[in-house]
């Protein structure tokens, strides 16, 4: 079976597409994906570095570096948590808010392109299968 090979091919094409879109708005690489995550998840709950590490499979040092870059670019700030000042909430700035719609629109276009011609049932089955694959890999770590 060639599951890993196909996932890599899809991932590479998604990265290239994402890179082009992010360059148009002036944010590149993992920073765009992480910023989008912060923008979305902040609407639901406080976002912390540990969550970003888990979501993106990053080492703490890598996550720290990406967040530091986002902070230097004025897109996020890290604020001490009210309950435990050792933890820093990651909060997006007005500058990040200004690019939110562009990021969301690009992600929406990519999602639409990916799912073209795929039925809702097929989409659901795909997600269940890939969740199992991810779980299998995580169990090996």
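The values are calculated or read from the model by the stated rules, or taken from the named source; none is laboratory data. This is a predicted model, so every value here is computed, not measured. Using ideal geometry, Cβ is built from the backbone for each residue, glycine included, and neighbour counts are taken over all protein chains shown.
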TODO: Scan segment 30-57 residue by residue and report those that are more than 15 Å from residue 105 (Cβ to Cβ), touching a residue at least 24 places away in the same chain (Cβ under 8 Å) and touching a helix residue (DSSP H, G or I) at 6+ places or on another chain (Cβ under 8 Å).
DONE: 30, 31, 34, 38, 47, 49, 52, 56
Open item on the list: Give all pairs with beta carbons closer than 8 Å in which a residue from segment 69-83 that is at positive phi and without any contact (Cβ under 8 Å) to a residue 60 or more places away in the chain meets a residue that is exposed (fewer than 15 other Cβ atoms within 10 Å of the Cβ) and in a loop (DSSP other than H, G, I, E, B); count only pairs at least 6 apart in sequence or on separate chains.
Closed with: 74/93
Open item on the list: I'd like to know if segment 115-127 contains one or more residues that are exposed (fewer than 13 other Cβ atoms within 10 Å of the Cβ), at pLDDT 90 or above, within 18 Å of the chain's Cα centre (by Cα) and not in a loop (DSSP other than H, G, I, E, B).
Closed with: yes
Task: All helices (runs of 4 or more DSSP H) inside segment 1-107 with 2 or more residues being at pLDDT 90 or above and within 21 Å of residue 137 (Cα to Cα) - done: 3-25, 49-56, 60-72
- [ ] Filter segment 84-102 down to the residues that are within 11 Å of residue 74 (Cβ to Cβ) and touching a strand residue (DSSP E or B) at 6+ places or on another chain (Cβ under 7 Å), then identify the one that is surrounded by the fewest Cβ atoms within 10 Å (Cβ to Cβ).
- [x] 93
